[in-house]
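None of the figures in this text is laboratory data; all of them are computed from the coordinates on show. Source: prediction; values computed, not measured. Don't worry about glycine lacking a Cβ; one is built from the backbone with ideal geometry, like all the others, and counts go over all protein chains shown.
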Amino acid sequence: MHRVFQWTVTLLLAVAPQGASAATLISEVFYDAVGSDNGLSFVELYGAPGSSLDGMFLEGINGSNGAAGPTIALSGVFPADGIWLLADDVGDGTSSVAGAHLIANFDFQNGPDSIVLRTADAVLDAVGYGIFAVGEIFAGEGTAAADTPAGSSLARLFANVDTNDNAMDFIVLGVPTPGSAPLNAVPEPQTAALLGVGLIGLAWSGRTRTALRAH
Ligand SMILES: [Ca+2]
Ligand SMILES: [Ca+2]
Ligand SMILES: [Ca+2]
Ligand SMILES: [Ca+2]
């Protein structure tokens, strides 16, 4: 039984999706501060430390008609911890968000809407949030994440884990965390752990049945 279990775990680790990666991901978005959003909204990204953001854009996609904008051209490099921060300009070149790597003027809409991270010709990551009615345009991944109440942000559970399903990957944070984020180790533990627990459960129930039969 133990050897079978060990083989099972080895197999699982071998086939588990490598969800935690050096891919560039949207790790947190804060688009609705209490009251005015000016100077308070931000988008946090996760990427390989030292890699460049040149050529990347963050873009809003309007849920009601699919129109693009605002579009922000990104620049700079990911810092040593991999967490990079874009913050909204109050109007004088500064932001009320501390620690921003880039300050630009933008205000992503409340949902249903999407925010897309892309290059000139490819989408790198995207998050759609809110309830999309028939005919509305969802430009996120999988199923939409929740729309946040004012003052809360939408944050990736682990900044480096992407299942390509926004509802699975993002949670609402009552206290936004611009510039910091939890990371998960490789291989992606969520899927592996869940699969593992399922199979361990099967293994144990099989063992229990065998033991019961033996008595
Ligand atoms: Ca607001
Ligand atoms: Ca602004
Ligand atoms: Ca993704
Ligand atoms: Ca964060």
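Scan around residue 51 for amide H atoms under 5 Å from its own, H built in the peptide plane at 1.01 Å from N, and keep only partners 5 or more places away or cross-chain.
78
All other residues with a Cβ under 10 Å from the Cβ of residue 112 taken together, and with Lys, Arg as +1 and Asp, Glu as -1, what is their net charge? Write out the running numbers ahead of the final one.
Numbers: positive: none; negative: 113, 136, 147.
With Lys, Arg at +1 and Asp, Glu at -1, the neighbours total -3.
Excluding residue 88 itself, what net charge comes from residues whose Cβ is under 11 Å from its Cβ, given Lys and Arg +1 and Asp and Glu -1? The partial results should precede the final answer.
Working: positive: none; negative: 37, 89, 107.
After counting each charged neighbour, the total is -3.
Counting Lys and Arg as +1 and Asp and Glu as -1, what is the net charge of the other residues whose Cβ lies under 9 Å from the Cβ of residue 37?
On the way: positive: none; negative: 32, 88, 107.
Overall, the nearby charge balance is -3.
Apply the Karplus curve 6.51 cos²θ - 1.76 cosθ + 1.60, θ = phi - 60°, to the phi angles in region 55-72 and return the couplings in whole Hz, x for Gly and Pro.
Along region 55-72, the couplings run x, 9, 10, 10, 9, x, 10, 5, x, 6, 9, x, 5, 8, x, x, 10, 10 Hz.
Would you mind working out the magnitude of the charge dipole of region 20-173 relative to its Cα centre, with +1 at each Lys and Arg C-beta and -1 at each Asp and Glu C-beta, to the nearest 20 Debye?
Numbers: 2 positive and 20 negative charges, 28 e Å.
Charge dipole of region 20-173: 140 debye, to the nearest 20.
At 7 Å along the Cα-to-beta-carbon direction for both residue 137 and residue 157, put a label point, then send me their distance in nm to one decimal.
3.0
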